[in-house]
Amino acid sequence: MTTAVNPAELLAIATTIAREAGALVRRRRDEGVEVAASKSSPEDVVTFADRESEDLIRARLAQLRPHDGFLGEESEATGGTSGLTWVVDPIDGTVNYLYDIPAYAVSIAVVEGEPDPASWTALAGAVYNPVLDEMFSASRGGGAFLGDRPLRVSERSELSLALVGTGFGYSAEKRTRQAEVVEGLISQVRDIRRIGSAALDLCSLAAGRLDAYYESGLNPWDIAAGALIASEAGARITGFQGRPAGKELLLGAGPGVFDELERALVELGVVPR
Ligand code: IPD
Ligand code: CA
Ligand code: CA
Ligand code: CA
């Protein structure tokens, strides 16, 4: 790497831009949301606000960090020369956004190394819900925060009393499989939540609002900031059977329920073998 890295400075950039993009997204929501296009399926939409938010974030980062790479959901990835990449979801929870359900967020992280969750080191991340004005943030080794309040995962130790978050992909085939896993899991846990934003699921885990969270089919921008925030709050985060978290699976939980949930999910075939 050629540029000196100051995680506190990177975190300040992430939170400042997330707040600015969040305000824009919130304003656009009040003006009325328009779908710009469908993506992988008719249910998988992008709004003009998703694109506008990503454009704003990209432009701000280009001014402040011209040598870093960029990987966002809504535009072409670009490499940099610094060894750092900003991984951005301009609106995580677009379907909630469309329906005005107040569970969507701007997610901005900066990672070192290949912009791939299997190998990157996340340095700083911010997840901002502009409706609730909640700013979740973390830097590597510096802890996780909601505003200025430190976050800690729940100490729950029995799966049967755990509130578990999950999510569903956009393809019918994936959803059928995911529904089968939920069907098997529901009788083994306190209850299941489908919040509709992977970034907020991970922040909820960090804040003890969920005891655990798992999902398959996630993209790097869904998890870059949230996974750092959850792990800095004490969550164990992995993929399938010890592999790195990524598209195949992300499983996150407080240490007290992690093993029991992992066993249950493997048994239910969360990742078909
Ligand atoms: C989606 C949300 C959702 C998850 C989907 C993601 P988007 O992101 O995080 O909770 O279940 O897999 O694609 O499209 O709203 O940014
Ligand atoms: Ca999307
Ligand atoms: Ca997303
Ligand atoms: Ca998105």
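Packing here is the average count of other Cβ atoms within 10 Å per residue, and on that basis the peptides 233-239, 208-214, highest first, run 208-214, 233-239.
Secondary structure note: in the chain, about 80% of the DSSP beta bridges are antiparallel. For the chain, the mean residue ellipticity at 222 nm estimated from helices alone is -11500 deg cm²/dmol, where every DSSP H run of n ≥ 4 contributes -39500 (n - 2.57) and the total is divided by all residues, rounded to the nearest 500. Electrostatic bookkeeping for residue 140 treats Lys and Arg as +1 and Asp and Glu as -1; over the other residues with beta carbon under 15 Å from its beta carbon, the sum is -3. Taking amide H as placed 1.01 Å from N in the peptide plane, the amide H of residue 80 sits under 5 Å from that of 69, each at least 5 places away or on another chain.
For the chain, the spread of Cα coordinates along the three principal axes comes to 50, 40, 35 Å, biggest extent given first.
By the count of other C-beta atoms within 10 Å, a proxy for reagent exposure, 48, 168, 136, 70 are ordered fewest to most as 48, 168, 70, 136. Couplings 3J(HN,Hα) for the range 189-197, derived from phi with the Karplus relation 6.51 cos²θ - 1.76 cosθ + 1.60 (θ = phi - 60°), are 10, 4, 5, 10, 10, 10, 6, x, 8 Hz, where x marks Gly and Pro. Under 5 Å between amide hydrogens, built in the peptide plane, is the criterion, and for residue 193 it picks out 164, 165, 166 among residues at least 5 positions away or on other chains. In a fully extended conformation the segment linking residue 6 and residue 171 would gain 55.4 nm over its present Cα-Cα distance, using 0.36 nm per residue. Ranked for footprinting exposure by Cβ neighbours inside 10 Å, fewest first, 185, 161, 202 give 161, 185, 202.
Arranged from fewest to most other beta-carbon atoms within 10 Å of their beta carbon, 204, 38, 171 become 38, 171, 204. Taking a sphere under 14 Å around the Cβ of residue 168 and counting the other residues whose Cβ falls inside, with K and R at +1 and D and E at -1, yields a net charge of -3.
We did not get these values from a lab; they are worked out from the coordinates using the rules stated. Predicted, not measured: the structure shown is a model, and the values here were computed from it. As a convention, Cβ positions derive from the backbone with ideal geometry for all residues, glycine included, and neighbour counts pool all protein chains shown.
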